[in-house]
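Here is the structure we will look at, set down as structure tokens.
The values are calculated or read from the model by the stated rules, or taken from the named source; none is laboratory data. Note that the structure is a prediction, hence the values are computed from the model and not measured. Cβ: placed from backbone, ideal geometry, glycine included. Neighbour counts: every protein chain shown.
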């Protein structure tokens, strides 16, 4: 039985452990955090991964803790609808859920897989018997295969591809989870508003909580922006529709997270002999399509299926199946972010006009490429 080392106990790493556990493989997960903390904000699980979770038998748990999303709506800062996607186009619904709840659900599925905390990889070495990973505490872990799910700052990717650097997207993001007012009807929709003062989005993630986010163009590590208070964000939104200002009044300062947004340039190699990169380690992307974690889950599923269908060349089969698709979605996400973050009023008006006049068939085709994905066995 092959021994597999998974670095990273995030969504991609735990999903990979579930996929390989189902194959009866000997799997160990190593996570650099000292313990599992209920951190993070909301996450969107689109139809392309709900299909996977349905096969794994955990969709009911997601439904219990999350919230169905039936529509995606993009509006201008004046409240005019620019684009609308009805979820009835897809057989599987989108589920929005708190990231911590998803993490807990995935951990519960690992009935036979040990997860070791406080274990950060320092380097890895390949040899004819497999791989050896050196940990920060001096321990050496040996296995037949290494799956690097150690995120956008992946130690393993930096070792294998030292010339790949993070790429700043041009904007920073505030996000958080807040209680929903009893009188506020958010509907089962993700709603984004695009305007020169920033992009604001919100959606329910349970019966009582909503996930929100705001993105503003700025330099990386901008000290002025870094010192923004919630009141500064509210001021930037004061001319947005009333339902937005009503919503932001519910937000509490101590529940706000802030991150500059980075991705990595697309790469055409995820596999290096007995090492495979997955998730953000392979294709960290901007959050504009809500597909970052979803693509990591797809990686996990396809990796498992590839190892099952191609016992002697599973990692190469995984790479062949994943590179083009993940890279294309990453490029689309970056383009959407550039367009969504226009600040000049003239550019905003041109963009809004183009979005309102673009045939809905165009948006449907793009979303069908993302959401209707199914793995097909190939020799």
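Given (1) under 21 Å from residue 95 (Cβ atoms); (2) touching a residue at least 40 places away in the same chain (Cβ under 8 Å), where does residue 4 come up short, assuming only one miss?
Every listed condition holds for residue 4 apart from (1).
Hand me the list of strands (runs of 3 or more DSSP E) wholly inside the stretch 159-214 holding 3 or more residues that are out of contact with any helix residue (DSSP H, G or I) (no Cβ under 8 Å at 6 or more places or on another chain) and surrounded by fewer than 20 Cβ atoms within 10 Å (Cβ to Cβ). Steps first, answer last, please.
On the way: elements: 167-179, 189-195, 198-204.
The qualifying strands (runs of 3 or more DSSP E) are 167-179.
I'd like to verify a number: residues in the stretch 144-158 that are in contact (Cβ under 8 Å) with a residue 40 or more places away in the chain and assigned to a loop (DSSP other than H, G, I, E, B), how many?
Qualifying residue count for the region: 6.
Just wondering, is there one or more residues in the stretch 299-316 that are assigned to a loop (DSSP other than H, G, I, E, B) and in contact with a strand residue (DSSP E or B) (Cβ under 9 Å, 6 or more places away or on another chain)? Explain how you work it out, then say what you get.
As a first pass, look at the stretch 299-316 and keep what is assigned to a loop (DSSP other than H, G, I, E, B): 310-313.
Next, from what is left, pick out any that are in contact with a strand residue (DSSP E or B) (Cβ under 9 Å, 6 or more places away or on another chain): none.
No, there is no match, as no residue in the stretch 299-316 is assigned to a loop (DSSP other than H, G, I, E, B) and in contact with a strand residue (DSSP E or B) (Cβ under 9 Å, 6 or more places away or on another chain).
Would you please list the contacts, defined by Cβ atoms under 6 Å and residues six or more apart or on different chains, that run from a residue in the stretch 363-379 that is modelled with pLDDT under 80 to a residue that is not in a loop (DSSP other than H, G, I, E, B)?
Sorted first by the residue in the stretch 363-379, then by its partner, the pairs are 375/302; 375/305; 377/309.
Could you list all residues from the stretch 14-26 that are within 26 Å of residue 140 (Cβ to Cβ), assigned to a loop (DSSP other than H, G, I, E, B) and in contact with a helix residue (DSSP H, G or I) (Cβ under 9 Å, 6 or more places away or on another chain)?
Listed by number, the residues that qualify are 23, 25.
State whether one or more residues within the stretch 229-237 are under 27 Å from residue 73 (Cα atoms), part of a strand (DSSP E or B), in contact (Cβ under 8 Å) with a residue 24 or more places away in the chain and over 19 Å from the mean Cα position of the chain (by Cα). So that I can check it myself, show each step before the final result.
Within the stretch 229-237, the first condition is being under 27 Å from residue 73 (Cα atoms), and the residues that meet it are 230-237.
Within this subset, residues satisfying the condition of being part of a strand (DSSP E or B) are none.
For the stretch 229-237, residues under 27 Å from residue 73 (Cα atoms), part of a strand (DSSP E or B), in contact (Cβ under 8 Å) with a residue 24 or more places away in the chain and over 19 Å from the mean Cα position of the chain (by Cα): absent.
Does at least one position in the stretch 246-261 carry a residue that is part of a helix (DSSP H, G or I), crowded, with 19+ Cβ neighbours inside 10 Å and touching a strand residue (DSSP E or B) at 6+ places or on another chain (Cβ under 8 Å)?
yes
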